[in-house]
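Engineer: To start, I am sharing the structure in question, which I have written as structure tokens.
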Amino acid sequence: MAARILAVANQKGGVGKTTTSLSLGGALARKGKRVLVLDLDPHACATLHARLYPETVTVSLYELFVAKESEWPAVWEQLIHTQAISGMDIAPGSIRLNDLEDVMHNRTCKGTILARAVRKVRDRYDFIVLDCPPHMCLMLVNALLASDLLIIPIQTDFLALHGLRLLFDSLHTLNKVLPSPIRYRAVATMYDKRAKACMHVLDLLRKKMDGAIFETVIGVDTRFREASALGCTIFDIDPKSRGACSYADMAEEVLKLW
Ligand SMILES: Nc1ncnc2c1ncn2[C@@H]1O[C@H](COP(=O)(O)OP(=O)(O)OP(=O)(O)O)[C@@H](O)[C@H]1O
Ligand SMILES: [Mg+2]
């Protein structure tokens with residue numbers, strides 16, 4: 001079966017998108033799934049996290065976007081770094097992704113490039129995870145249009161609810177022109193069970209999302225930062241840690257969706 005495509009996005013920065021992409025992907029890989037992570041963020045944090053540095057990355061997702069359709073298979077071959085981090089393959093991002101808006105200005109069907117290009121590698125994987133940038137841009141539109149499920153990490157704090165509104169405005173705009181609406185599910189991240197404010201925001205979120213939220217809640221765990229410093233995922237540091245167990249639970253929920 002062709003890979004399910006999970007876009008991890010929220011227009012608010014620092015809410016756990018990259019951590020969710022790599023930890024959920026890592027959890028799925030530990031369950032024997034073939035996982036490819038695409039780093040669609042110009043800041044390329046997932047790429048750096050996998051210890052792929054700009055000076056060594058000669059082909060990034062930028063090259064895929066600007067390539068002709070006939071060149072896509074060859075670009076994918078150079079783009080994918082096999083088993084780059086915790087059993088996952090990764091296609092690196094690059095700061096050049098920032099230039100896409102200008103470079104692609106006159107291209108037709110530019111919002112569906114990723115959806116079309118990904119078909120060339122979809123059969124090789126069970127899941128393709130898209131780590132998205134924190135702002136509305138051509139990459140985010142491409143990610144949403146390619147996705148089977150949009151996963152929205154939401155930091156359990158009051159300000160995080162603001163980013164949500166921006167994302168839903170974008171979703172409504174896109175849904176108007178799509179044959180079927182984009183399927184989505186939120187996940188509460190960085191939850192501190194000792195903080196009353198966190199509990200309150202989680203209650204609010206559950207009401208607001210009306211069922212479209214994972215049961216699993218991702219708690220605060222310092223090992224996530226350790227993992228990014230060490231170029232691995234939390235599973236390589238402590239697979240029994242609370243953070244690792246919660247992404248393993250989330251992966252179980254994801255597997256039950258199809
Ligand atoms: N559950 C968590 N507990 C503790 N720290 C976390 C947790 N999730 C993420 N972090 C840390 O918070 C910081 C931001 O997380 P991350 O990079 O995943 O967010 P992001 O949404 O991808 O940010 P950006 O919008 O900049 O791409 C990182 O240092 C990460 O290690
Ligand atoms: Mg990120």
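The values are calculated or read from the model by the stated rules, or taken from the named source; none is laboratory data. Fair warning: this is a prediction, and the values are worked out from it, not measured in the lab. So basically every Cβ, Gly included, is an ideal-geometry build from the backbone, and we count neighbours across all protein chains shown. Ligands, DNA and RNA are stripped out before the accessible areas are found, and what is left, the full protein with its side chains, is counted by its heavy atoms. Shrake-Rupley method; radii C 1.70, N 1.55, O 1.52, S 1.80 Å.
Engineer: So how far, in whole Å, is the C-alpha centre of the stretch 192-233 from the one of the stretch 92-153?
Structural biologist: Cα centroid to Cα centroid, the span is 26 Å.
Engineer: Residue by residue, what Karplus-based ³J(HN,Hα) values in Hz, rounded to whole numbers, does the stretch 63-72 have, using 6.51, -1.76 and 1.60 with θ = phi - 60° and x for Gly and Pro?
Structural biologist: 5, 5, 5, 8, 6, 6, 4, 5, 8, 3
Engineer: Please name which of L64, L255, V37 has its Cα lying farthest along the dipole of the stretch 4-256 towards the positive end, using unit charges on Cβ (Lys, Arg +1; Asp, Glu -1) and the Cα centre as origin.
Structural biologist: L255
Engineer: Over its Cα atoms, what ratio of radius of gyration to 2.2 N^0.38 Å does the chain give? The partial results should precede the final answer.
Structural biologist: Values: Rg = 17.3 Å, N = 258, 2.2 N^0.38 = 18.1 Å.
For the chain, the normalised Cα radius of gyration is 0.95.
Engineer: On to the next question. Could you list the GluC sites (Glu not before Pro) in the stretch 22-102 that lie in coil according to DSSP, counting only those with at most 11 other Cβ atoms within 10 Å of their Cβ?
Structural biologist: Working: sites: E55, E63, E69, E71, E77, E101; in loops: E55.
Here the GluC sites (Glu not before Pro) that fit, given the DSSP loop and packing criteria, are E55.
Engineer: Could you give the length gained on full extension between H162 and E69, defined as 0.36 nm per residue of separation minus the Cα-Cα distance, in nm? Let's see the in-between values first.
Structural biologist: On the way: separation 93, 0.36 × 93 = 33.48 nm, distance 3.80 nm.
Here the segment from H162 to E69 would lengthen by 29.7 nm.
Engineer: Additional query: Taking 41 Å as R0, compute the FRET efficiency from the Cβ-Cβ separation of N98 and K240 and round it to 0.05. Before the final figure, lay out each step's value.
Structural biologist: On the way: r = 40 Å, r/R0 = 0.97.
FRET efficiency, N98 to K240: 0.55.
Engineer: Run through the stretch 36-108 and list the trypsin sites (Lys or Arg not before Pro) located in a DSSP loop whose Cβ has at most 16 other Cβ atoms within 10 Å.
Structural biologist: Working: sites: R51, K68, R96, R107; in loops: R51, K68, R107.
Hits after loop and neighbour filter: R51, K68, R107.
Engineer: Moving to a separate point now. Determine the alpha carbon to alpha carbon distance for each of K110/K207; K17/K110; K176/K240; K12/K33 and list only those over 32 Å. Mind dumping the intermediate values first?
Structural biologist: Numbers: K110/K207 36 Å; K17/K110 24 Å; K176/K240 44 Å; K12/K33 29 Å.
Pairs exceeding 32 Å: K110/K207; K176/K240.
Engineer: Once ligands and nucleic acids are excluded and a 1.4 Å probe is used, how much of H49 is accessible, expressed in Å² to the nearest 10?
Structural biologist: So the heavy atoms of H49 present about 30 Å² to solvent.
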